[in-house]
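Engineer: Here it is: the structure, laid out below.
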Amino acid sequence: DLYRASQYKLMWHKFKKHKVAQFCLIFLALFYLISILAEFVAPYELNERDKENLFSPPMTIRIYDDKIGFTRPFVYGLEKSLDTETFTYQFEEKKEEINYLKLFVKSPEYDIFSIHFNTKLFGLENDKKIYFFGTDKFGQDIFSQTIYGSRVSLFIGLAGVIISFIIGSILGGISGFY
């Protein structure tokens with residue numbers, strides 16, 4: 001059966017047997033989906049700033065607290081204090097302040113493909129801020145910037161493949177003709 005198979009069927013047969021390639025295809029498709037839906041997945045807009053939390057450290061999502069035990073996902077609140085020796089702000093977790101992670105939270109209105117939405121994938125209850133990767137010197141969420149930046153990185157690669165395919169097809173057609 002494989003002796004008479006087309007080139008496409010041979011590639012498909014080889015791909016079905018290669019588990020790592022299948023996993024990578026799913027992983028890459030997930031990355032493209034996240035980058036396309038960046039406005040929905042990213043907790044904050046690209047240029048949104050939090051001037052109170054410059055250089056905020058990453059927040060750890062937890063499911064266990066010493067007092068409560070196992071519970072739904074949460075992060076501890078942050079307390080900012082000024083170090084008088086270095087004159088830099090230090091952040092410490094406030095273990096008494098538990099902020100639960102919530103799915104499909106209300107947000108300011110945004111557009112995806114000219115359709116208006118006002119819901120984000122996740123956030124904290126009581127309009128608290130969550131920073132998975134922390135914030136930069138301007139108070140911008142690094143996780144949100146990473147998701148928005150993935151658009152450029154992923155689609156530049158895709159554009160390069162498409163352009164190479166078109167140029168290769170034209171040059172191959174010309175060289176095959178002459």
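Laboratory data are not the source of any read-out in this text; all were calculated from the coordinates shown. No experiment lies behind these values; they were computed from the predicted model shown. All Cβ positions, glycine included, derive from the backbone under ideal geometry; neighbour counts span all protein chains shown.
Engineer: Go through (1) 18.3; (2) 13.1; (3) 18.9 and flag the label whose value is the computed mean projected area of the Cα convex hull in nm² for this structure.
Structural biologist: Structure-derived value, by its label: (1).
Engineer: While we're on this one: With a length cut of 18 Å (Cα positions projected on each helix's long axis) and a Kyte-Doolittle mean of at least 1.0, go through the chain and give me the DSSP H helices that pass.
Structural biologist: Result, helices passing both filters: 19-36, 142-177.
Engineer: Further question: Hey, can you rank 103-109, 144-150 by average C-beta count inside 10 Å, highest first?
Structural biologist: For the peptides 103-109, 144-150, the packing ranking is 144-150, 103-109.
Engineer: So how strong a dipole does segment 17-97 carry about its Cα centre when Lys and Arg Cβ are +1 and Asp and Glu Cβ are -1, to the nearest 20 debye?
Structural biologist: 700 debye
Engineer: A follow-up question, please. Quick one: grab the alpha carbon gyration tensor of segment 85-137, order the square roots of its eigenvalues as a ≥ b ≥ c, and give me rounded if a/c is under 1.5, else prolate or oblate depending on whether a/b is larger than b/c.
Structural biologist: Because a/c hits 1.5 or more and a/b fails to exceed b/c, segment 85-137 counts as oblate.
Engineer: Now for a separate question. What order do you get for 63-73, 118-128, 37-47 when each peptide is scored by the mean count of other beta carbon atoms within 10 Å, highest first?
Structural biologist: 37-47, 118-128, 63-73
Engineer: Any idea what the relative contact order of the chain is, in percent, if you count C-alpha pairs under 8 Å spaced at least 6 apart?
Structural biologist: 25 percent
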